[in-house]
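Structure first, commentary second.
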Amino acid sequence: MKILVVGSGGREHALAWKLAQSERIQTVFVAPGNGGTALDDRLVTVDVLEPEALADFVVREGVALTLVGPEAPLAAGIVNLFRSRGLKIFGPTREAAQLESSKDFAKAFMHRHGIPTAKYETFSDAAAAHAYIDANGAPIVIKADGLAAGKGVVVAMSLDEAHAAVDHMLSDNAFGDAGARIVIEEFLAGEEASFIVMCDGKNVLALATSQDHKRLKDNDQGPNTGGMGAYSPAPIVTPSMHARVMREIINPTIQGMARDGIPFTGFLYAGLMIDSDGNPRTLEFNCRMGDPETQPIMARLKSDFATVLEHACNGTLDTVELEWDRRTAVGVVMAAAGYPDSPRKGDVIDGIPQEAPECITFHAGTRLVDGKLQTSGGRVLCVVGLGDSVKMAQKQAYETVERIHFNGAQYRRDIGWRGVK
Ligand code: ATP
């Protein structure tokens, strides 16, 4: 069987890497891929971007199944297009992807179906938004309604910050259409966790749990990023917490979408905030896997992922039981100089070691220039170490990180610290 993975990040490299291990797979195509997928002789990198052209490619090559990594093509309706042409694809339709592409849609949905989340209101009028902030006080959270590549959220600790965020989004139009409406919501305190499941429209299969590290610097300092590292499993999600999240958040979401006439297929990612009393609430939904959570999760998956995906496309996920490596996986992101504001491109990358059973390096913002690897984006690599404890997995990952070199490389030295604690 031939499979196509759409995307170019570390998440897509990890998905393709895992698929290529399946004996049932003849070829894994990655479009457009990156320097790492191009170097890997188990993968075929193809330079195709447009959904119509991808569908043509799939027909021409006889690709059995397509897996979409990032949110943008999903929100633009790649699944609708492929299905209208009779092509098998795993992901949500444009309508279902609104759980991620519109915060207002997601909040109204959660409200309607009794799914625990922060109290909120939606505004397009700046004066009304300012008045709401004055009435509710700080800390308070301001979010652009649409997709803003992780930059559309301001957790305002003061009233000044909150008012400035409203002006930035509504009056200065900083995010264009994506910020023409904003959601203002209650600040939630606690510990975050990523809860990712696969859905075939009716059945749900939970993946291993994980925790991301959003801030650029150690001790959760510095600006928000796309994610500086992740580890799996996340100890905060105990078996009883797992059951509770499935009961209170995931199952009502899947059932609610089906009841609303928008059955959800694809990866569903609930970003959770778990408060000090152990109550989970939903911060956000993503309609795809997380990046970098995918990298440690795929490193731990033992089951044949191609078979799992086939079941997901055929509506038979209820027959699947996943097998996981019992070890912990810690993924450390190495980012380019200037990330997240203005990442520098073109730095030469040296020292990436061969893959080993306890350490894998996934590529993101890399490209091959005359056979040499260079940086080409904000997050450059994600080095995943595996070990019997978080500490041992960290040791594996950081030993490799220290051997890799490119000018201006930035990385956190504490990925997994909550797991150690
Ligand atoms: P991404 O998809 O990149 O994770 P996003 O733009 O969809 O980000 P959210 O996940 O909703 O945004 O928020 C980003 C971060 O802001 C969260 O991971 C969390 O740390 C913080 N945050 C969001 N909502 C709240 C809230 N109500 N209370 C406290 N912190 C919050």
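Couple of notes before you dig in:
- Relative to one another, the C-alpha centroids of the stretch 378-421 and the stretch 17-60 are positioned 27 Å apart.
- Springs between Cα atoms under 10 Å define the GNM used for the chain, and in it the highest mean-square fluctuation of Met110, Met241, Met273 occurs at Met241.
- Across the stretch 405-421, coupling constants 3J(HN,Hα) worked out from phi with the 6.51/-1.76/1.60 Karplus curve, θ = phi - 60°, read 9, 8, 4, x, 4, 10, 7, 7, 9, 10, 4, x, 4, 5, x, 6, 4 Hz, and Gly and Pro carry x.
- Helical runs assigned H by DSSP (4 residues or longer) give the chain a calculated mean residue ellipticity at 222 nm of -8000 deg cm²/dmol, each run adding -39500 (n - 2.57) before division by the residue total.
- Using a probe of 1.4 Å on the protein chains alone, the accessible area found for Arg281 is around 70 Å².
- Dipole magnitude for the chain: computed about the Cα centre from +1 point charges on Lys and Arg Cβ and -1 point charges on Asp and Glu Cβ, it is near 680 debye.
- Based on C-alpha pairs under 8 angstrom that are at least 6 apart in sequence, the chain has a relative contact order of 16 percent.
- Whole-Å distance, taken between Cα centres, linking the stretch 63-87 and the stretch 243-274: 21 Å
- Length-normalised contact order for the stretch 191-319 - Cα pairs under 8 Å, 6+ apart - percent: 33 percent
- For the chain, the square roots of the Cα gyration tensor eigenvalues, ordered a ≥ b ≥ c, give a/c below 1.5, which places it in the rounded category.
- When the Cα gyration tensor is reduced to axis lengths a ≥ b ≥ c, the ratio a/c is 1.5 or higher for the stretch 36-174, and with a/b above b/c it is classed as prolate.
- Anisotropy class of the stretch 328-419 from Cα gyration tensor, a/c 1.5 cut: oblate
- Pairs exceeding 27 Å between alpha-carbon atoms, taken from Lys143/Lys202; Lys151/Lys345; Lys202/Lys302; Lys18/Lys217: Lys143/Lys202; Lys18/Lys217.
- Highest-fluctuation residue, Ala135, Ala76, Ala206 considered, GNM on the chain with Cα pairs under 10 Å: Ala135
- Gaussian network model of the chain, Cα within-10 Å springs - most flexible of Ile404, Ile184, Ile196: Ile404
- Relative contact order (%) - criterion: Cα under 8 Å, at least six apart; region: the stretch 288-363: 29 percent
- In order through the stretch 152-165: 3J(HN,Hα) via Karplus (6.51 cos²θ - 1.76 cosθ + 1.60), integer Hz, x for Gly, Pro: x, 10, 10, 8, 8, 8, 10, 4, 4, 4, 5, 5, 5, 5
- J(HN,Hα) series, the stretch 67-81, from Karplus relation 6.51 cos²θ - 1.76 cosθ + 1.60, nearest Hz, glycine and proline x: 10, 9, x, x, 6, 4, x, 5, 5, 7, x, 4, 5, 4, 4
- Exposure rule at most 15 other beta-carbon atoms within 10 Å, DSSP loop GluC sites (Glu not before Pro): the chain longest free segment: 24-320
- Probe 1.4 Å - accessible area at His242, Å² to nearest ten: 50 Å²
- One Cα centroid belongs to the stretch 325-346, the other to the stretch 147-165; the line between them spans 24 Å.
- Residue-count net charge about Thr122 - beta-carbon cut-off 9 Å; Lys, Arg +1, Asp, Glu -1: 0
The values are calculated or read from the model by the stated rules, or taken from the named source; none is laboratory data. Values in this document were obtained by computation on a predicted structure and should not be read as measured data. Please note: Cβ atoms are built from the backbone with ideal geometry, for glycine as well, and neighbour counts cover all protein chains shown. Ligands, DNA and RNA are excluded from the accessible area calculation, which covers all protein heavy atoms including side chains. Shrake-Rupley method; radii C 1.70, N 1.55, O 1.52, S 1.80 Å.
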